[in-house]
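> Handing you this structure, nothing more for now.
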Amino acid sequence: MTTKTLSDKKEKTVRVFFALWPDHAIQKQFVHLAKTLVPACGGRQVKTQNIHLTLVFLGNVAINRLPELQSAASNVAAQVFSLSIQKMHYWKRNRIIHAYAESFPTELFSLVDALRNALSTAGFTVDQRTYKPHITLIRNAKNHTEIDLIQPIQWHAKQWCLIQSKQTDNGVDYIPLHCWLLK
């Protein structure tokens, strides 16, 4: 008879979240903005391919529950909307520089609420704190910045995705696992 080790008993998990996922052209606009701020703010800019706007963060989810997670999300219907990102801000506690809109469309909040409800109904634990949409551009920033962009970044949101956050030797990579089109 063999004894199982603790690692044998642990379920394999992946770290996941739902996000609005911009196309590469929009990601490049945000990265260009971050590059101009790093000399004044310090820190390190987010990789181009990791630029996103989080909708719902789940954290570690058992791999065998991913189909259930995708199924719950598939029941969410969301309308197309546009974002006009024109502000930059520093969150001292998190030490990030992030971009945000002066006002976000109600369709964004409807999508977040619908996702939270669908995931909760399916038995997933979701964060119930007030949703504060933002796009992280710089991590470990050392200095404060408040900037209004002269030319706002216009983002026509086309899709939202289930994203895996995977630690690699070169930092964190965000890997889209499944995407849904906004209608």
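> Return only the number of the condition from (1) surrounded by 15 or more Cβ atoms within 10 Å (Cβ to Cβ); (2) in a loop (DSSP other than H, G, I, E, B) that Thr145 does not satisfy.
(1)
> Can I ask one more? If you take the residues of region 74-100 that are under 17 Å from Leu149 (Cβ atoms) and polar (S, T, N, Q), which of them is surrounded by the fewest Cβ atoms within 10 Å (Cβ to Cβ)?
Result: Ser82.
> Of the conditions (1) closer than 17 Å to Leu33 by Cα; (2) surrounded by fewer than 16 Cβ atoms within 10 Å (Cβ to Cβ); (3) of a type in the set (Ser, Thr, Tyr), Ser71 fails just one. Which one is it?
Going through the list (1) closer than 17 Å to Leu33 by Cα; (2) surrounded by fewer than 16 Cβ atoms within 10 Å (Cβ to Cβ); (3) of a type in the set (Ser, Thr, Tyr), Ser71 breaks only (1).
> Please specify each residue of region 146-183 satisfying the condition of being more than 14 Å from the chain's Cα centre (by Cα), over 19 Å from Ala77 (Cα atoms) and modelled with pLDDT of 95 or more.
Pro152, Ile153, Gln154, Trp155, listed by residue number.
> Kindly evaluate Asn143 against the criterion of being under 28 Å from Thr36 (Cα atoms), of a type outside the set (Asp, Glu), in contact with a helix residue (DSSP H, G or I) (Cβ under 6 Å, 6 or more places away or on another chain) and modelled with pLDDT under 95.
yes
> Are any residues in region 46-84 among the polar types (S, T, N, Q), out of contact with any strand residue (DSSP E or B) (no Cβ under 6 Å at 6 or more places or on another chain) and closer than 20 Å to Asn117 by Cβ, and if so, which ones?
Within region 46-84, Ser71, Ser74, Asn75, Gln79 meet the criteria.
> May I pose another question? Have a look at Arg15, Arg65, Arg44 and point out the one that is under 15 Å from the mean Cα position of the chain (by Cα) and among the charged types (D, E, K, R).
Of Arg15, Arg65, Arg44, the one residue that is under 15 Å from the mean Cα position of the chain (by Cα) and among the charged types (D, E, K, R) is Arg15.
> Filter region 7-46 down to the residues that are of a type in the set (Gly, Ala, Ser), over 18 Å from Cys161 (Cα atoms) and surrounded by fewer than 19 Cβ atoms within 10 Å (Cβ to Cβ) and list them by number.
The answer is Ser7, Ala40, Gly42.
The values are calculated or read from the model by the stated rules, or taken from the named source; none is laboratory data. Since the model is a prediction, treat every value here as computed from it, not as a measurement. Methodologically, a virtual Cβ is constructed for each residue, glycine included, from the backbone with ideal geometry; neighbour enumeration extends over all protein chains shown.
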